[in-house]
Each structure stands twice: as structure tokens, then as C-alpha cells.
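Before we start, here is the structure in question, set down as C-alpha cells.
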Amino acid sequence: MLGYLRLLFDNFTLTLLAVVAAASLLPARGLGALFFEGLTTAAIALLFFMHGAKLSRRAIIDGATHWRLHLLVFGCTFVLFPLLGLALRPLLLPLLGEPLYLGVLFLCVLPGTVQSAIAFTSLAGGNVPAAVCSASASSLIGILLTPLLVGLLLQVQADAAAGSTLEAIGAISLQLLLPFVAGHLLRPRIGAWVDRHRALLSRVDQGSILLVVYTAFSASVVEGLWGTVSPGQLARLTLACALLLALVLGLTAWLGRRLGFGRADQITIVFGGSKKSMATGVPMAKVLFAGSMLGPMLLPLMLFHQIQLMVCAVLAQRYARRAPLRTAG
């Protein structure tokens, strides 16, 4: 199964790189840009509609009895990450420049992943029910919390792109939360069909990301993105994302042990608290930031996303190999 996950992510990454190359060589302009903008908006609405139909009511409200674990995962996602992003400013700002550093800050305020956090927790032998609850709640809470954090940490940029923070929350609620709620309300009618066609949801998920990346990079390329982001900056950004992930993985593992959680819960905390969601972050960036800003905002997220998948795949395999130690004790 681990090999299958790696193959899936590698294929998607190759496709993502191909889309970035296509946007760099053949960016959408004029009426083409308007067409892709409308198509992307529709794809994102469909994505969140299907996610709402997939998630059961019990999955939304369950897990309250394990509140310590959930609070720690939320704290790592929405407090620890932003604090690290701010603490690393003296190092990252001179290395990356302001646009890419702001992209790192945006990455830090995003909610965690759902699918990969649960998959890696399962592979590693962690607490899967808790992972489902934490990951699902993180995505829901992030729809409202991320714009607030963007308003606090990136005030000038957010105001320039989307007006006030309240307007940004309203825009995200209209484009993301409303389709999600509509899908969830229709779950009694279409939930069984969605459950039987999870592969379709995965294609919609990845397809919407590819569309947003193409439209975002098209706009940024038209505005001269690759004239302002050098190969050296990309290399330094990759190192910065790796450093950020290493810090979070180390801190989540230490906090899980320090606070007395069991091994299964520690695994859930590591994989739930260290992830950032491209599936949610890309649509949010589209709402919150103007077209020419999207490229620099998405580059850190795209790099971090792939690094976290590769590192966590190795880490999950390591946990899995040590699983007999847990059962023997």
C-alpha cells in the first residue's frame, strides 16, 4: 500500500510540474484566462460539495472525548506553524525575498490535510478514528480561521487583494463553505453514491488543484513571475520548506511524548499536526490573493506538500516496522 501511495503522489507531482510548465510556456490570456477562471471556480465548488456529501454527521461531531489530542493537533496546525513562520522571518526574508516569504507565512496558517494524514496514520499504526476527527475538523475550522490569520499576519496583502478580513471570510464561506454545507445536507440522498465513487472524488480533488495552479501561474507568468524568482531562490525555498517540516515533526513528536500520550496517539499527533493541505490551500489562495500574487503564494505550498509526502512516507514505514514493540508491551 505504501508503494501505491508513493506511485500516486509521484504521478500527481509529475502532472503538477507539467501544468506549471504549460502555464509558463502557454499562459492563459484574455478570454482564455476568463474561461479558465470560471471553470476553476466551478471545479472548486464541486470539490467542496462532494466533500460535504462524503463526510458523515458522526465524523463531524465525534471525537469530543479525546479533546486533549484534538487541541494539540489544532494548536500545532494553527499556532505552532504560524509562530515558527514568524520566528524564522530574520532568516527566511533575506534568503527568499518578501513575496516568497509571505507565501511561507500563508502556508503556515493553512489547515491540515485529511486524506494523507489519515493514510499515513493508518500505515504507521496510529489512532485512525482520532485522525479522522482531527483532520476533518481542521479542514472545517480552517475555512474560517485561516482568513483571520491571513488578516493578522499578511494584513497589507490581504487587504489589497480581498478587502477586509471579514470580506475574505465571506468570500471563502460563499465559494467553499456553502457548497460543503449543501453537499452535507444532501448526503442522505447522494452520500451512498459518493461513497461508492471515491475515485471520482479523488479525480475532482486533483483536477481542481491543477486548474487553480494553471490559472494562478498563468496570471503570475503574464506579470513576470519567472523574471523575479530565480533558480537560486527556488533552491533556497526548498531548503526552507524542509527546515520548517523538520522543526514541526520534531516538535510534534516531542510534545506527544512530553504530554504523556500513548504511542498510537503520538503517531496521530505527528502526522496530523505536521501537514498542510494543498487541496484547501490552493482554493483559499485563489480567493484571498490577486492573480499576480498567486504564483509566489503557491510555490511554497507546492514544494512543502511534496516534501511532506515523501518524508512522511518514510516516517510511516519506520513507525510500522517498530509496531511489534507496541504490541509486545
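The values are calculated or read from the model by the stated rules, or taken from the named source; none is laboratory data. No experiment lies behind these values; they were computed from the predicted model shown. Heads up: the accessible areas ignore ligands, DNA and RNA and are worked out on the full protein's heavy atoms, side chains in. Shrake-Rupley method; radii C 1.70, N 1.55, O 1.52, S 1.80 Å.
Give the accessible surface of the stretch 74-142 per residue, rounded to a whole number of Å², with probe radius 1.4 Å and ligands, DNA and RNA excluded. Write down the numbers at each step before the final one.
Values: 2100 Å² over 69 residues.
For the stretch 74-142, the per-residue accessible area is 30 Å².
Now a separate question. Expressed as a whole percentage, what fraction of the accessible surface of the stretch 257-305 belongs to carbon and sulfur atoms when a 1.4 Å probe is rolled over the protein heavy atoms?
Working: 610 of 1130 Å².
Whole-percent figure for carbon plus sulfur exposure: 53.
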